[in-house]
């Protein structure tokens with residue numbers, strides 16, 4: 001007790017200074033590399049985006065907007081995508097952020113296992129003049145403005161990478177970009193320190209000098225650290241809403257985007273039978289899910305797009321209402337009147353996901369289906385997709401930057417998720433390709449709706465609910481409003497936020 | 001005593017060799033082609049499979065692989081992570097002190113609290129104090145450390161704002177802040193350990209206090225303080241030393257949950273990430289380090305036995 005009191009009296013040591021401290025789970029989200037080419041986790045963006053910035057950005061409605069590039073022109077007929085950069089930009093080491101550097105950077109990124117997914121149909125890039133980059137394509141370039149807002153648009157400074165020896169790049173440990181914050185230091189598993197780049201010429205404006213990204217566990221550890229004043233900003237799950245609301249020193253924001261809770265199906269036994277898939281859809285009480293897991297905040301998901309999306313197809317909404325009796329009928333028709341058993345993978349160590357999995361398990365048990373929960377580690381891509389751990393995956397489906405993404409990624413041919421879920425569909429692929437070259441947004445939306453109809457009618461997945469992303473901050477210390485991210489791997493919006 | 005220590009040290013050599021081979025052989029525990037399994041199974045990218053095979057030297061003979069691996073280990077090279085490309089030795093050199101700080105502090109706290117409690121209970125067996133301590137230690141053993149840790153954070157960090165909730169400060173940076181950041185994790189881990197130790201000490205003390213030589217000492221008028229402190233405690237400490245050693249070794253390998261709750265960048269979280277991604281060099285490095293520490297912890301326990309009981313030195 002004496003020891004405790006003595007140490008307690010030695011307060012301080014948590015110097016805040018001019019740094020905003022943003023907490024999230026490094027183990028869950030970061031791959032310990034600062035090279036966007038080598039990054040194997042979409043959530044590496046939580047750290048990388050501050051350092052590199054992106055050539056384009058996505059606005060509040062998820063539409064491409066200028067970033068480090070101020071404009072672009074797509075010419076599908078000529079197979080070119082032409083970017084015009086802002087004038088006078090520099091990398092954080094003083095080298096010019098010009099067309100030559102961007103062309104070389106894009107060529108480098110096009111060889112990355114995941115970064116190349118953001119540069120669909122990329123063949124080559126060349127500098128036309130100091131600020132004009134021409135990207136040559138061998139297919140539609142519709143997705144590029146979206147992809148350039150992700151890792152595909154994060155250009156490392158020349159000299160930090162070697163195109164001929166990409167695995168030896170310095171960018172992995174000593175990144176230099178043209179983003180609003182420079183890399184200062186990295187303690188693995190602990191923190192990343194960034195300092196404002198005064199010569200940043202992009203569209204974003206920040207009113208604080210330092211940003212500390214700190215590793216903290218999801219859920220109680222993050223909320224307690226925020227309440228104790230050791231973090232300034234965190235994302236949190238809905239289960240912590242009451243605790244945050246009760247603390248008058250905290251403020252919060254939520255945003256309902258296109259992230260949705262889902263039971264993703266591997267279309268192999270037992271889910272190779274459409275009757276079984278439809279039965280599972282009928283067994284899920286979506287509103288109850290929202291009430292129990294998301295504290296009543298959310299929107300029922302009947303398809304991969306929310307009602308506000310132009311891709312939402314009202315004709316197939318509500319096709320599978322909660323109806324356990326109907327579910328049992330379908331199971332009987334499928335030849336499994338007593339139900340069946342399967343392994344349901346869930347992301348391990350995330351309380352919300354565990355609750356989701358347990359609730360789904362409970363609902364399926366009511367119709368005779370036994371779901372064995374299999375928690376996965378941090379490398380979900382390897383465990384669920386490559387190693388085929390589990391017959392289905394209960395998780396939150398990340399939103400896709402481009403309009404076709406939600407359908408394309410899961411059911412189009414040659415897509416990673418579709419391949420490993422045995423879910424490639426030629427009919428959906430054909431519609432997606434048509435959508436990419438549609439002359440207007442309206443026509444594109446109509447085509448995507450047709451693809452959505454196939455997804456829903458064939459019950460290729462079990463969408464459950466669109467879930468909010470939440471952010472909480474210490475409003476005693478920070479001034480300004482912090483926007484909640486729209487997607488799981490989006491950093492919070494700290495524009496206009498300052499330290500009081 | 002010196003000869004005793006030398007004998008024990010020489011006895012470690014074959015044991016360490018055996019451990020090193022067992023750790024190396026973890027690669028054989030992976031079914032099928034280890035490189036393909038690590039890379040992602042049947043659908044794995046072939047270039048990646050060959051890359052892993054080259055990194056692990058799997059195309060060579062087993063003895064050659066072991067020899068090369070052992071040679072590297074002896075020179076301090078535990079290999080490179082298959083996924084982050086960071087040196088395992090370098091990572092462990094920053095993470096091990098964190099876990100060591102946790103384990104040592106918890107064990108120290110356990111001894112500080114557990115031994116006196118056990119002695120007190122043994123001095124008055126069956127008394128109200130003894131029964132109360134019995135209930136208390138049962139509660140302490142049953143209480144999950146993660147629950148206690150979270151509760152202490154809410155009380156001391158959130159409500160009272162007198163101690164930090166997360167983070168680690170190296171001792172060389174500030175010994176006071178190092179201790180402040182670890183006091184709650186120490187208590188969370190130490191409660192259960194001290195309860196176990198208290199029970200062990202109580203049992204051993206009761207047995208010792210019932211010996212003839214204790215009765216003789218009392219009959220000769222030796223003060224109770226001397227009876228307990230000089231005669232009984234020394235002999236009752238032997239099993240307690242074993243328990244402390246075991247607890248220390250257990251804590252070194254089992255602090256993951258506490259590390260996660262308090263955002264401490266220790267070996268626990270490092271190992272967990274390696275297991276889920278089948279990062280074999282990291283797994284081998286951590287297992288080897290923990291095994292070696294376990295062996296040397298036993299050696300220290302043996303030496304302390306020798307100090308406490310000279311008869312042990314001649315065996």
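Since every read-out is calculated from the coordinates, none of them should be taken as a lab result. What you see is a predicted model, and the numbers here were worked out from it, not measured in a lab. As a convention, Cβ positions derive from the backbone with ideal geometry for all residues, glycine included, and neighbour counts pool all protein chains shown.
Calculated translational diffusion coefficient of segment B:1-152 (4 °C, 1.567 mPa s; Stokes-Einstein with Kirkwood radius over alpha-carbon pairs) equals 63 µm²/s. The label-point distance for residue B:234 and residue B:112, in a model that sets each label 7 Å from Cα toward Cβ, rounds to 2.7 nm. The tail of the calculated P(r) for segment A:201-259, taken as Cα-Cα distances beyond 14 Å, holds 63 percent of the pairs. Ranking of A:376, A:250 by neighbouring Cβ atoms within 10 Å, starting from the fewest: A:250, A:376.
One equal scatterer on each Cα of segment A:313-369, no solvent, Debye formula: the resulting log10 I(q)/I(0) at q = 0.12, 0.13, 0.15, 0.18 Å⁻¹ is -0.40, -0.46, -0.59, -0.77. Across q = 0.17, 0.18, 0.20 Å⁻¹, segment A:153-302 modelled as identical point scatterers on its alpha-carbon atoms has Debye log10 I(q)/I(0) values of -1.07, -1.11, -1.21, in the order of the q list. Overall, the ratio between the Cα radius of gyration of segment A:25-135 and 2.2 N^0.38 Å, rounded to two decimals, is 1.10.
Please grab the % of Cα pairs in segment B:116-209 that end up more than 19 Å from each other. Everything past 19 Å amounts to 52 percent.
Sorting A:267, B:128, A:46 by the number of Cβ atoms found within 10 Å of their own Cβ, with the fewest placed first, yields B:128, A:267, A:46. Taking all Cα-Cα distances within segment B:231-292, those exceeding 14 Å account for 64%. The modelled label-to-label distance for the pair residue B:124/residue B:65, using points 7 Å beyond Cα in the direction of Cβ, is 6.3 nm.
Rg and Dmax of segment B:103-150, both derived from C-alpha coordinates alone, stand at 12.3, 35 Å. Taking segment A:358-384 and a reference point 7 angstrom along Cα→Cβ of residue A:332, the backbone N atoms nearer than 14 Å belong to A:368. If the Kirkwood radius is taken over C-alpha pairs of segment A:344-466, then at 20 °C and 1.002 mPa s the Stokes-Einstein diffusion coefficient equals 136 µm²/s. Summary value for segment A:301-392: 27 percent relative contact order, contacts being C-alpha pairs under 8 angstrom separated by 6+ residues.
A Förster radius of 41 Å combined with the Cβ-Cβ distance from residue B:250 to residue A:18 puts the calculated FRET efficiency at roughly 0.45. Over the protein assembly as shown, dividing the summed -39,500 (n - 2.57) contributions of all DSSP H runs of at least 4 residues by the number of residues returns a 222 nm mean residue ellipticity of -13500 deg cm²/dmol.
Backbone N atoms of segment A:280-300 closer than 12 Å to the 7 Å Cα→Cβ label point of residue A:358 belong to residues A:293.
Structural descriptor for chain B: relative contact order 25 percent, calculated from alpha carbon pairs under 8 angstrom and at least 6 residues apart. Averaged over the residues of peptide B:159-172, the number of Cβ atoms from other protein chains lying within 10 Å of each residue's Cβ is 5.
For a Förster distance of 41 Å, can you work out the FRET efficiency between the beta-carbons of residue A:185 and residue A:446, rounded to the nearest 0.05? Calculated transfer efficiency: 0.20. Working from label points 7 Å from Cα in the Cα-to-Cβ sense, the residue B:6 to residue A:427 distance is 8.5 nm.
A Stokes-Einstein calculation at 4 °C with viscosity 1.567 mPa s, built on the Kirkwood radius of segment B:159-315 over Cα pairs, returns a diffusion coefficient of 69 µm²/s.
So what's the gap between the Cα centers of segment B:217-284 and segment B:5-29, to the nearest angstrom? Spelled out, the Cα-based centre of one part sits 22 Å from the other.
Neighbouring Cβ atoms from other chains, within 10 Å of the Cβ of residues in A:166-178, number 1 on average.
Show log10 I(q)/I(0) for segment A:281-402 at q = 0.13, 0.14, 0.22 Å⁻¹, two decimals, from a solvent-free Debye sum over equal Cα scatterers. Result of the Debye calculation: -0.61, -0.71, -1.36. By other beta-carbon atoms within 10 Å, ranking B:271, B:1, A:344 with the fewest at the front produces B:1, A:344, B:271. Remark: mean inter-chain Cβ contacts per residue of B:258-269 equal 5, using a 10 Å Cβ-Cβ cutoff to other protein chain atoms. Taking all Cα pairs closer than 8 Å and separated by 6 or more residues, the relative contact order of chain A comes to 18 percent. Where in segment A:449-470 does the amide nitrogen come within less than 17 Å of the point 7 Å from the Cα of residue A:245, taken along Cα to Cβ? Within reach of a label on residue A:245, which here means backbone N under 17 Å from a point 7 Å along Cα→Cβ, segment A:449-470 contributes A:468-470. Could you list, bin by bin from short to long, the percent of Cα-Cα pairs of the protein assembly as shown in 10 Å steps? Going out from 0 Å in 10 Å bins, the protein assembly as shown shows 2, 12, 19, 22, 20, 13, 7, 3, 1, 0, 0 percent. Measuring between their Cα centroids, segment A:254-313 and segment A:145-214 lie 36 Å from each other.
Between segment A:42-82 and segment A:235-253, the alpha-carbon centres lie 32 Å apart.
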